[in-house]
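Structure first, commentary second.
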Amino acid sequence: GDSVTQMEGPVTLSEEAFLTINCTYTATGYPSLFWYVQYPGEGLQLLLKATKADDKGSNKGFEATYRKETTSFHLEKGSVQVSDSAVYFCALTEYGNKLVFGAGTILRVKS
Amino acid sequence: DTEVTQTPKHLVMGMTNKKSLKCEQHMGHRAMYWYKQKAKKPPELMFVYSYEKLSINESVPSRFSPECPNSSLLNLHLHALQPEDSALYLCASSDRSGTGGSDTQYFGPGTRLTVL
């Protein structure tokens, strides 16, 4: 079945550092890919998405590119802030109504 | 507007109580979902309603009973829960466009449930 693998955390960075959170997936067809962010004590917020190969999703300085050849959707940000501290989930959906999540990566940004 | 609202924000209940969680969306979405999330884990799908009909039940115990009164509302009725049911319960919705594409799910803030 479909699966998503994320790099284990926690990831600890200093403010203004470059962020990469790796995400790879396994799917039988052509999934849509998502990054969700969960701040402490809150629900999940959609951060960005991409629906086909070579699409780049972007939002709030975060970017991820749908790479079919490497089955990857790595999340990047050029300069992180303390306010970016949260849990980041990579996810896919292939047939509309089932989201398959990765385990989540905790990001901690120090000032 | 991509807002899904959930009430209450926090709920504490005993094992013999009956309570309900509520979810509402006004985006015209035709699919709604309940998820359960334990600490430091990703959400786990419980139920899916599509066009107000239950389409997926992920083998959830009968002490959880979903209800979809109309296309904007989703309830989760709770009865005789166990302490291990304590978790964050998330509602989500998506637009079932019917084009065969994959829908984007939008989540609410969740209800933090504690069962004593």
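Select from the stretch A:54-77 the residues that are in a loop (DSSP other than H, G, I, E, B) and within 14 Å of chain B (Cβ to nearest Cβ) and write down the one among them that is surrounded by the most Cβ atoms within 10 Å (Cβ to Cβ). Don't jump to the end; show me each part of the working.
Here is the first cut: in the stretch A:54-77, the residues in a loop (DSSP other than H, G, I, E, B) are A:54-55, A:60-61, A:66, A:68-71, A:73-74.
Narrowing the set further to residues that are within 14 Å of chain B (Cβ to nearest Cβ) leaves A:55, A:66, A:73.
Values: A:55: 14, A:66: 21, A:73: 29.
Once the filter is applied, the top-ranked residue is A:73.
The set of residues in the stretch A:78-111 being part of a loop (DSSP other than H, G, I, E, B) and either more than 13 Å from every other protein chain (Cβ to nearest Cβ) or among the basic types (Lys, Arg) (or both) consists of A:78, A:79, A:80, A:81, A:85, A:98, A:111. When residue A:43 is tested against (1) in contact (Cβ under 8 Å) with a residue 40 or more places away in the chain; (2) within 28 Å of residue B:5 (Cα to Cα), exactly one condition is not met: (1).
State all residues of the stretch A:28-49 that are aliphatic (A, V, I, L, M) and within 11 Å of another protein chain (Cβ to nearest Cβ); if no residue qualifies, say none. Can you show your working first?
Of the residues in the stretch A:28-49, the ones aliphatic (A, V, I, L, M) are A:33, A:37, A:44, A:46-48.
Result: A:33, A:37, A:44, A:46, A:48.
Consider the stretch B:77-116 and keep the residues that are more than 25 Å from residue A:89 (Cα to Cα) and either open to solvent by less than 50 Å² (accessible area, probe 1.4 Å) or out of contact with any strand residue (DSSP E or B) (no Cβ under 8 Å at 6 or more places or on another chain) (or both). The one that is farthest from the other protein chains (Cβ to nearest Cβ) is B:80. For residue A:11, the criteria (1) open to solvent by less than 40 Å² (accessible area, probe 1.4 Å); (2) within 13 Å of chain B (Cβ to nearest Cβ); (3) under 30 Å from residue B:113 (Cα atoms) hold in every case but one, which is (2).
When residue B:57 is tested against (1) among the polar types (S, T, N, Q); (2) open to solvent by 30 Å² or more (accessible area, probe 1.4 Å); (3) within 26 Å of residue A:33 (Cβ to Cβ), only condition (3) is not met.
The values are calculated or read from the model by the stated rules, or taken from the named source; none is laboratory data. All figures in this text were calculated on a predicted structure; none of them were measured in a lab. Positions of Cβ are generated from backbone atoms using ideal geometry, with glycine treated the same way; all protein chains shown enter the neighbour counts. To get the accessible areas, we keep the full protein, side chains included, count just its heavy atoms, and leave off ligands, DNA and RNA. Shrake-Rupley method; radii C 1.70, N 1.55, O 1.52, S 1.80 Å.
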